[in-house]
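Let me begin by presenting the structure, written as structure tokens, before commenting on it.
The values are calculated or read from the model by the stated rules, or taken from the named source; none is laboratory data. All of these numbers come straight from a predicted model, not from anything done at the bench. Every residue, glycine as well, gets a Cβ built from its backbone with ideal geometry; the counts of neighbours run over all protein chains shown.
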Amino acid sequence: MPIDRAAVDHVARLARLDLSEQERRRMSDELGKILEHAERIQALALDGVEPTSHAVAIRNVMRPDEARPSLTQEEALSNAPVAEGGRFSVPRILEEEE
Amino acid sequence: MTELPYVAATELAALLDAGDISAVELTETLRARVEHLDDKLHLFLKRTDERALSDARAADARRSSGDRLSLFDGVPIGYKDIFVTRGVPTTCGSRILEGWVPPFDATVVERCSRAGLPILGKLNMDEFAMGSSTENSAFGPSKNPWNLKTVPGGSSGASAALVAAGGAPWAWGTETGGSVRQPASLCGVVGVKPTYGLVSRYGMIAFASSLDQAGPLSRTVKDSAALLTIAAGHDPLDSTSIPQAAPDYLEGIDRGIAGMRIGIVKEIESGDGMQPGVGERVQEAYQRLEKLGASIEEVSLPSFEYGISAYYLIAPAEASSNLARYDGVRYGLRSSDGSDVGAMMARTRAEGFGDEVKRRIMLGTYALSAGYYDAYYGKAQRVRTLITRDLERAYASVDLIACPTSPTTAFKLGERTNDPLAMYLSDVFTVPVNLAGNAAISVPCGVSADDGLPVGLQLIAKSLDEATMFRAAYAFEQDLGWIDSPEGRPPL
Amino acid sequence: MSMTATDLYETTVGLEIHVELATASKMFCGCPVTFGQEPNTRTCPVCLGLPGSLPVANERAVEHTMKIALALDCRIAEHSLFHRKNYFYPDMPKNYQISQYDLPLGYAGAVEITGGFGTTRVGITRVHLEEDTGKSIHVGGSGRIHDSHYSLEDFNRAGTPLVEIVTEPDIHSAEEARAFVNELRALLESLGVSDVRMEEGSLRVDANVSVRRAGETAHGVKVEVKNMNSVRSVGRALEYEQERQRKALESGERLIQETRHFDEKSGTTSSGRAKEVSSDYRYFAEPDLVPFEPTAEWIERIKSSLPELPAARRERFVAQYGLGSADVEVLTSTTSLADWFEAAAAAYKGEPKKVVNWIVADLFRLLNEAGIEVGAAKISPAQLARLVELVDSGAISGKQAKQVLGDMFATGNDPEAIAAERGMQQISDEGALDLVVAEVIEQNPGVADKVRGGNIGPLGFLVGQVMKKTKGQANPGLVNDLLRSKLVE
């Protein structure tokens, strides 16, 4: 069952993907198929089963609060598509910070 | 003597120590071999010939002054292009990272460099490791040396093909759902998925962080054991790294498997998408293990069949977040389109990512989004728990679990590219291991009678029980004798 | 606010406070935490979000968070997780923020605040740890986000450890909100976990404000107010906002749930740009970090390392020094001032209460005028103690001492040296003063007669005249005695 077009549009927006019309149509089909396969897990009895978010049983991993050398400004900006005055330059921002 | 490109690293080490060959000779030989292979197989995204040679010269100098860095000082290696390499462009198979030059080395790379392994270059892969054929590479697919019309598997396809065709004794790949074991199986080499947390993920470009794990590929079991020994062990830069030193996996590898209990999975039946030739070889392999003194018994893993469903929710969900950083702001591609920053990001991502990556980002974003989390991501994490429990239960009665690595041999280029689900199903036997975090190996068990292509046997061990896994795989490999025979080499 | 407005409407405020921790290194990498460096000189693969980099949690930041939680009387979670909060923004290197979601390190705490409103218990919903973003500057137009041509990103701040403290909606006035922020600031300062400078952004306060008619049970429409850069602006913003909402309700206008920004200059709040898409942060457990399960021993160790907190200190000041609540409030407004007072009191030979007046009235005024904290002042607590002792011994007058204090504050020199340099000494020689007193009586016969006649009132005038003639150096007590003996007895 394809997922509906509104959902595709919403998800594409959340994921910051400017998909073409054709891509959107295909996504709706393909995601539908994959999710249909995933639906198989809905049949399982999962009540009382704890979710696994980590594959290791390690706890409380921390590093000591010690400062280490940073990259130089030149190194930090060396891969920047556009930089100006030691900063990364981006087109204008329309939305306020969250 | 075997031609140099097919000599195992463990043996090369002895030749280097004896002064029979030099690291420069070895590196030159492999470079020439790679030159020949690369044209046909399209293996490298970036070759570092000059650096490899200067590394080799340094290794020779160290050996002659008696202070080699390790047994393997001067034995060259290739890295899947998912490993970040200082000063060497790293793309992860994606347009979006084209031209990116990292300012640091992955821990795996750093540890191998510290052991003196010259770097041959960066190997092709499915974009961001998403795929099972390398056809999703933004830079064109690699090919299987056994049959140029077939895929080498993926996502570490070029790493497996390189090793299979004698371009290097060993290479590093990475796994999220089988991306080392499956190409190893399809190319007729050894591939290892270590226990999650054994090898540092620092500098390994993330696909799905809770599943990703680096793994060696090599022609022999011993070489994989040796390479894992070099890189494994705690890394303070990776919070999920298991805080203990790794043992020497070569130690005791030849103790045999007499008395070992090996389980075969009741729920895996022939038919059901399994190629008959694969089933035959694997059945023979079980018998061989029994002949070698192991006891074979059936174990039940009822949740195994839900692995793919859970995996294709969990991995894309994590990927959708891991890949959010590719936005054209700090590095990599930036679209010239877009009047504001949001539009620029959305255009950059649309132009820079391939179809499969977009598909998984969409799928993962959907699975995490409000209203669907519980039904999809949350449930998948519970299935993950079930799979882990099933395996734990099985290990109460067996030491290892054996099954095919892949239900089929290498498939034809283009055969599954239009059917994502069919492609996903080629991971059916490998994915549950990633979900549970256990160790597993794929070891060649000959070629399939129906197409003459390699078949891999998978041995799944308990977490951190790589030693048992290597012991069994080594005993099997030695008894089969395939890899050292002319039949064990692709016709190339 | 008028009485009617307060009576008819009820304001509810919940605060969300972000505190930058003063650690040596960032939350998840070793880059130094600093302020005011050249842009992008404090970054590394981790805090730039380079491919392949991984976070490792800063131990001190985790412990600071636990300290804050314990000081706010919170419970420490048995099992705590970091989550990813996913949204795209150019100042956020990974386009997700590592934060905490349903399993924060601390939860269910409370703080008591006191003031003109009485005593209010403000519940603490949660205390969690997260990472800060980078900083954007907007270029072109007026230099504000809305009409700029492009923006520039500096990631020095990205990854700085940030603690978020969320209160229950237990605050009902601007005054209470101000008191809460003051209390929290004093508490954080006493813990030594943050610089708590609101102006520099190391303490940021957002408020959820709603107003409803008194007696109504349904909640009012919640408005989030941001950009309050001082305790004073918290008060101003909330006063403006509750008035705005009250007026809207009165005129039957519909309020909308939105984010409003406080403008320091105009003292008003204005609506931010509405978001195109509603937020969907797709939180999920951060797979790159493992869970935290603080052991009982660990929690105990942190608990026992907590310093005396402001509330306890206030109680002790009353009991130990016999101070009134107004003095205590001023002295404990910052930890450094309270420490300063205690050092002065310890150095002082007399009743500690006597140094209090000098601090609360005179020193405080000087600090305010100079716009500095007591820690930055040149005068030391021991010097102040000695100044008060000079007055006690009669060596200088109180009036002279005030001048000396001004000099000490400006130069950091000792009070004895300043008094000597200025030629100050109190005239306590009865013979010498007797002559001046006689002279003053002679020159003011009318006033003297009044006093003789039993009207003590004008005596002060005559004392003043003597002081004037002696350039303020006469011992006023002695002058008083001499005048009385000549005119009254």
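Structure values in brief
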read-out	value
Top-ranked residue of segment C:105-121 - restricted to ones that are crowded, with 19+ Cβ neighbours inside 10 Å and touching a Leu at 6+ places or on another chain (Cβ under 8 Å), ranked as nearest to C:Ala158 (Cα to Cα)	C:Leu105
Cβ-Cβ under 8 Å pairs, at least 6 apart or on other chains, segment B:286-299 side more than 11 Å from B:Phe476 (Cβ to Cβ), far side among the hydroxyl-bearing types (Ser, Thr, Tyr) and part of a helix (DSSP H, G or I)	B:Ile296/B:Tyr286
Any chance C:Val56 is within 25 Å of B:Ala208 (Cα to Cα), at the interface with another protein chain (Cβ under 7 Å from one of its Cβ atoms), of a type in the set (Val, Ile, Thr) and touching a strand residue (DSSP E or B) at 6+ places or on another chain (Cβ under 8 Å)	yes
Test: B:Leu228 is at pLDDT 95 or above, more than 14 Å from chain C (Cβ to nearest Cβ) and not in a loop (DSSP other than H, G, I, E, B)	yes
Complete set of residues in segment B:155-208 that are among the polar types (S, T, N, Q) and assigned to a strand (DSSP E or B)	B:Thr174
Residue in segment C:35-53 that is surrounded by the fewest Cβ atoms within 10 Å (Cβ to Cβ), counting only those that are more than 20 Å from B:Asp238 (Cα to Cα) and more than 9 Å from chain A (Cβ to nearest Cβ)	C:Gly36
Those residues of segment B:441-492 which are of a type in the set (A, V, I, L, M), over 19 Å from B:Pro404 (Cα atoms) and modelled with pLDDT of 95 or more, in sequence order	B:Leu464, B:Ala467
Selection within segment B:339-353 - under 16 Å from C:Pro93 (Cβ atoms) and either in contact with a Cys (Cβ under 8 Å, 6 or more places away or on another chain) or more than 8 Å from every other protein chain (Cβ to nearest Cβ) (or both)	B:Thr348
All helices (runs of 4 or more DSSP H) inside chain A with 3 or more residues being closer than 30 Å to B:Arg384 by Cα and more than 12 Å from chain C (Cβ to nearest Cβ)	A:21-38
Residues satisfying the stated conditions in segment B:191-225, i.e. within 14 Å of another protein chain (Cβ to nearest Cβ) and among the hydroxyl-bearing types (Ser, Thr, Tyr)	B:Thr195, B:Tyr196, B:Ser200, B:Tyr202, B:Ser209, B:Ser210
One residue from C:Asp73, C:Asp91 being assigned to a loop (DSSP other than H, G, I, E, B) and more than 12 Å from every other protein chain (Cβ to nearest Cβ)	C:Asp73
Test: residue in segment C:325-334 that is of a type in the set (Asp, Glu), surrounded by 13 or more Cβ atoms within 10 Å (Cβ to Cβ) and within 14 Å of chain B (Cβ to nearest Cβ)	no
Selection count where residues are at pLDDT 95 or above and closer than 20 Å to B:Ala231 by Cβ, scope segment B:246-281	7
Enumerated helices (runs of 4 or more DSSP H) restricted to segment B:360-447, each holding at least 1 residues that are touching a Pro at 6+ places or on another chain (Cβ under 7 Å) and either in contact (Cβ under 8 Å) with a residue 40 or more places away in the chain or closer than 30 Å to B:Arg349 by Cα (or both)	B:379-394
Strands (runs of 3 or more DSSP E) contained in segment C:183-294 and holding at least 2 residues β-branched (Val, Ile, Thr)	C:203-213, C:223-228, C:268-271
Criterion: more than 9 Å from every other protein chain (Cβ to nearest Cβ), aliphatic (A, V, I, L, M) and touching a helix residue (DSSP H, G or I) at 6+ places or on another chain (Cβ under 8 Å) - qualifying residue of B:Leu391, B:Leu368, B:Leu333	B:Leu391
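Condition check ((1) within 14 Å of chain C (Cβ to nearest Cβ); (2) of a type outside the set (D, E, K, R); (3) touching a residue at least 60 places away in the same chain (Cβ under 8 Å)) across all residues:
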position	(1), (2), (3)
B:Leu15	no, yes, no
B:Arg51	no, no, yes
B:Pro76	no, yes, yes
B:Tyr79	yes, yes, yes
